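The values are calculated or read from the model by the stated rules, or taken from the named source; none is laboratory data. Being a predicted model, the structure only gives us computed values, none of them experimental. Don't worry about glycine lacking a Cβ; one is built from the backbone with ideal geometry, like all the others, and counts go over all protein chains shown.
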Amino acid sequence: MPAASDLLAFVGATVVLLLIPGPAVIYMLNRTFADGRAVGLASVAGLEVGDTIQALLAALGLSAVIATSTEAFETVKWVGVVYLLWTGVRTLSTEPPPLDADVAHVSRRRAFRQGIIVNALNPKTSLFFLSIFPQFVDPAAENATSQSLVLAAVFVGLASLFNSSYVLIGSRLRDLLLRGRGVRVMRRWVSGFLFIALGVLAMTTARPRTA
């Protein structure tokens, strides 16, 4: 187990990360507003599979390998950049279909699959595990791996709680938002520009320096 002080500090860092809107928040709110609570929660399940992938990579030390390898880091970074920019441009160039509160436009299975991709390639989460996560683990300790796995589980648990809360709150506001143009503007213009902005931000990210 990590020390109590390290665990509390990690929880604080994770909460800060989860409060900053990113691709995951945009995606699950879009799915919730467009298709309702059930599809929104399915997208959260997919997002947490993506989080688990990144958390396990970090816990097993593979993220450190990526951080110390220029080629590996650049490959991971540019895959995320291309995905975010492509998603942003496609969102901006496509007129969203009219919403019907009683019709699901995306199945729960598809929302789940898309959620995995969104968070497995989420640059915000990747940078957290590449640069911040290692600071809470003592690599010289005999239980370094178990420390990492505990922190990974804490991260996924908190992410599940926060993301599910976003969906539940969004579903409460859905009927009200469907009466105006707010959801339409968010689904196309706000989402599109945010995805592009996140792609540009990821593009300018440098590989963390190692001692």
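Numbers at a glance
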item	result
Yes/no for residue 36 being on the phi > 0 side of the Ramachandran plot and either buried (at least 16 other Cβ atoms within 10 Å of the Cβ) or at pLDDT 85 or above (or both)	yes
Count of residues meeting criterion [part of a helix (DSSP H, G or I), of a type in the set (A, V, I, L, M), at pLDDT 80 or above and exposed (fewer than 15 other Cβ atoms within 10 Å of the Cβ)] in region 54-94	3
Where a residue in region 16-30 is small (Gly, Ala, Ser) and its partner, wherever it lies, is in a helix (DSSP H, G or I), with Cβ under 7 Å and at least six apart	22/124; 22/198; 24/47; 24/118; 24/119; 24/163
Given (1) at pLDDT below 85; (2) among the hydrophobic types (A, V, I, L, M, F, W, C); (3) farther than 21 Å from residue 2 by Cα; (4) out of contact with any Phe, Trp or Tyr (no Cβ under 8 Å at 6 or more places or on another chain), number of the condition residue 121 does not satisfy	(4)
Hey, residue 150 farther than 13 Å from residue 15 by Cβ, of a type outside the set (Ser, Thr, Tyr) and surrounded by 20 or more Cβ atoms within 10 Å (Cβ to Cβ) or not	no
Filter pass, residue 181 being surrounded by fewer than 18 Cβ atoms within 10 Å (Cβ to Cβ), among the basic types (Lys, Arg) and at pLDDT below 70	yes
Selected residue (criterion: nearest to residue 23 (Cα to Cα)) from residues of region 109-158 that are charged (D, E, K, R) and not in a helix (DSSP H, G or I)	138
Failed criterion for residue 101 (all others in (1) of a type in the set (Gly, Ala, Ser); (2) at pLDDT 85 or above; (3) not in a helix (DSSP H, G or I) hold)	(2)
So residue 19, is it surrounded by fewer than 20 Cβ atoms within 10 Å (Cβ to Cβ), under 17 Å from residue 156 (Cβ atoms) and modelled with pLDDT under 80	no
Residue, modelled with the lowest pLDDT, within region 184-211, restricted to residues that are surrounded by fewer than 15 Cβ atoms within 10 Å (Cβ to Cβ) and small (Gly, Ala, Ser)	211
Scope region 1-16; condition surrounded by fewer than 18 Cβ atoms within 10 Å (Cβ to Cβ), in a helix (DSSP H, G or I) and among the hydrophobic types (A, V, I, L, M, F, W, C); matching residues	4, 7, 8, 9, 11, 13, 15, 16
